[in-house]
């Protein structure tokens with residue numbers, strides 16, 4: 001298991017080195033499910049009761065001057081942020097061990113949690129619940145601007161995945177989008193309903209100002225105010241990260257931005273960012289992107305084909321059924337190494 005991957009004697013990177021602190025592997029309680037369980041579509045809440053509150057890190061983590069932040073994606077409502085933080089940390093620790101670096105403790109990580117606000121803001125803008133028989137139709141936004149954006153995202157993703165233009169129909173979700181979802185599912189081995197739900201949430205965030213502001217406000221409540229920042233984001237969280245960066249406190253220096261399983265390579269996504277386009281954020285010293293070729297959300301990668309400015313990126317081979325899972329991304333040593341190095345580097349004088 002990832003949690004037990006740490007080599008004997010490997011020193012912890014963060015506050016786990018403090019006297020009496022538990023090793024990072026203790027993030028998985030006895031009897032807890034495997035690291036990926038809490039993030040699979042439809043998995044029930046497990047363990048501790050879901051609090052809906054973001055988690056700050058230990059004040060002494062990484063010497064108190066550096067901060068590691070995990071920024072989650074969609075579909076986390078009803079989950080416990082403490083367990084999610086442990087699962088992310090377990091995946092990263094597996095990659096750090098394979099990269100020959102020490103592990104970290106879950107308590108050393110900031111974990112903003114915006115899932116309740118995302119769902120609440122989306123429901124606020126909805127009309128009465130729709131009675132529909134088609135699950136894909138039920139997962140799609142209601143007719144309107146958000147629905148139109150959602151349909152553009154699906155058809156763009158399918159086209160980027162190689163779907164011939166003649167396969168697309170002409171009657172909205174009934175044809176073009178259904179065809180696109182089926183094509184993406186066939187080429188990635190992920191469920192059509194999961195793909196639809198991911199793109200529906202991304203569309204709601206990008207199109208609805210109320211949803212976007214609710215998410216950004218909640219994330220900013222659990223972010224460091226000063227120090228050097230390593231920000232690791234996933235899925236919708238990569239989109240949130242781009243909008244978040246200009247709003248961080250002036251005392252925060254963004255040393256590294258990591259994006260994984262990101263839809264930022266799609267025109268229908270990056271054109272809707274608050275920055276207005278695919279321009280590397282000035283505030284970020286280093287940007288690293290990890291993407292899996294069979295992850296339908298990352299279908300627009302590599303980002304260097306679309307984004308202006310310097311960034312490093314690498315493709316990774318995740319299991320087909322878990323192509324979009326964050327634990328799989330973080331468990332790759334080439335990804336974990338990029339995250340671990342700035343956390344262990346000497347603090348600037």
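By the count of other C-beta atoms within 10 Å, a proxy for reagent exposure, 153, 163 are ordered fewest to most as 163, 153. Tell me, how many Å apart are the Cα centres for the stretch 209-273 and for the stretch 76-109? Between the Cα centre of the stretch 209-273 and that of the stretch 76-109, the gap is 19 Å.
Distances between every pair of Cα atoms in the stretch 134-207, grouped in 10 Å steps from 0 to the bin holding the largest one, split as 22, 59, 19, 0 percent. Net length available on complete extension from residue 160 to residue 133 is 6.8 nm, with 0.36 nm assigned per residue and the Cα-Cα distance removed. Sorted on the mean count of surrounding Cβ atoms within 10 Å across their residues, most packed first, peptides 220-227, 287-294 read 287-294, 220-227. In a fully extended conformation the segment linking residue 189 and residue 334 would gain 49.8 nm over its present Cα-Cα distance, using 0.36 nm per residue. Convex hull volume of the Cα atoms of the stretch 201-315, normalised per residue: 90 Å³. Each Cα pair under 8 Å and six or more residues apart adds its separation to the average, and for the stretch 134-207 the resulting relative contact order is 41 percent.
None of the figures in this text is laboratory data; all of them are computed from the coordinates on show. Note that the structure is predicted; figures quoted are calculated from it, not measured. Methodologically, a virtual Cβ is constructed for each residue, glycine included, from the backbone with ideal geometry; neighbour enumeration extends over all protein chains shown.
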